[in-house]
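The structure under discussion appears below in the form of structure tokens.
Since every read-out is calculated from the coordinates, none of them should be taken as a lab result. As the structure is a computational prediction, the values presented were derived from the model and not from experiment. In this analysis, Cβ positions are derived from the backbone assuming ideal geometry, glycine residues included, and neighbour counts consider all displayed protein chains.
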Amino acid sequence: MGEEKLSFENIIGNDENKRLLCNSIINKNIVHSYLFYGADGIGKKIFAKEFAKMILCNEKDDKKPCNKCKSCIEFNSDNNPDFFIIEPDGNSIKIDQIRQMQKSVMEKPIESTKKVYIIDNCHLMTKEAQNCMLKTLEEPQEYIVIILIAANENNILSTVKSRCTKIFFKEIDDNEIFKYVGNKYDEVGIENDLIRLCSGSISKADYIISKIDMLNQVKKIINEVDKCNKLHFIQNNQLIYDNKVEIDLLLEYIYILLFQEVMKNNKKSDVYIKSMKTVEKTKIKLQNSNNFDMTIDNMLINIWEEINEKNNRC
């Protein structure tokens, strides 16, 4: 794990949180438990790991880890004995994992003055696991720092949340996503519709770039809906049928493309709004386990008819 990937100065967005965490180091005001919460893919875990490295660094200059001391070297190679990550075992974090953590908590640090535990996706902890962890949060060892990471704080018991310093992570600004994509994928041309599809998530931006050819095909087809007959339109959308596993992403993108037509304020805005509603209904039908091919058939037919019927009247 390289230095460049774990430095606040190279992490995009949430600058207020960077200052807050750096100041807690400078002012020696590190608390025993934190809750980092916000949407998936916006950098919470990267922040937590960088903060952990800062806490454990033995030669820190208050603003960033030195990356030279034994603690940093071991951290960068995933071998720091005072740093632990607990992740879901299957679909949840179980009580046995927390009990194992509690045993580890009783052992003093080896390399640093602190021990740091990150509990990733802590919203997936069972209630039994959360209740078990309460004792550690209520009576923490002086050298312990626990960082909980959650996408949905509503799934965390209030008794757990009340014992943590809560830090909210905002979605990344579209301009920052655009810069990130431009810097990392300089050979890829990405337009505003794909930036919107990222939903403020760096990890989603990476995923979207990996699917950019498929998405560009969808865009071409939707943009030509009023230039082809019904059969041709449905046949050209075969890739939707062939990519069932990506259907949520595809429907989200189609919705964005239709919305962009609405924003043009042309004579067909009401039609595109109707088509957006068709996409929303399709999402619900698929969530209710409706027949996939038939549901997609109906969506495409409805979109074509809604848009082209208006064309015939204009």
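What the table below lists for this structure:
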item	result
DSSP bridge orientation in segment 58-207 - percent antiparallel, rounded to nearest 5	10
Cα-based Rg of the chain normalised by 2.2 N^0.38 Å, two decimals	1.24
Cα gyration tensor shape of segment 195-276, rounded if a/c is under 1.5, else prolate or oblate by comparing a/b with b/c	oblate
The chain: calculated mean residue ellipticity at 222 nm from DSSP helix runs of at least 4, using -39500 (n - 2.57)	-16000 deg cm²/dmol
Directionally averaged shadow of segment 8-168, computed from the convex hull of its alpha-carbon atoms, nm²	8.8
Taking Glu252, Glu142 and counting other C-beta atoms within 10 Å, the order from fewest to most	Glu142, Glu252
Cα gyration tensor category, rounded, prolate or oblate, for segment 141-268 with a/c compared to 1.5	prolate
Order of Cys66, Cys122, Cys57 under a 10 Å beta carbon neighbour criterion, fewest first	Cys66, Cys57, Cys122
Computed FRET value (nearest 0.05) for Asn223 with Asp40, which takes r as the C-beta separation and R₀ as 30 Å	0.50
Residue order, fewest to most surrounding Cβ atoms within 10 angstrom, among Met133, Met276	Met276, Met133
Per DSSP, loop trypsin sites (Lys or Arg not before Pro) in segment 116-193 with at most 14 further Cβ within 10 Å	Lys170
Between segment 63-132 and segment 137-202, the alpha-carbon center distance in angstrom	19
Per DSSP, loop trypsin sites (Lys or Arg not before Pro) in segment 190-267 with at most 11 further Cβ within 10 Å	Lys264, Lys267
Trypsin sites (Lys or Arg not before Pro) lying in DSSP loop within segment 23-76, provided at most 14 other Cβ fall within 10 Å	Lys28, Lys63, Lys68
Additional length obtainable on full extension of the chain from Leu20 to Gln102, 0.36 nm per residue less Cα span	26.7 nm
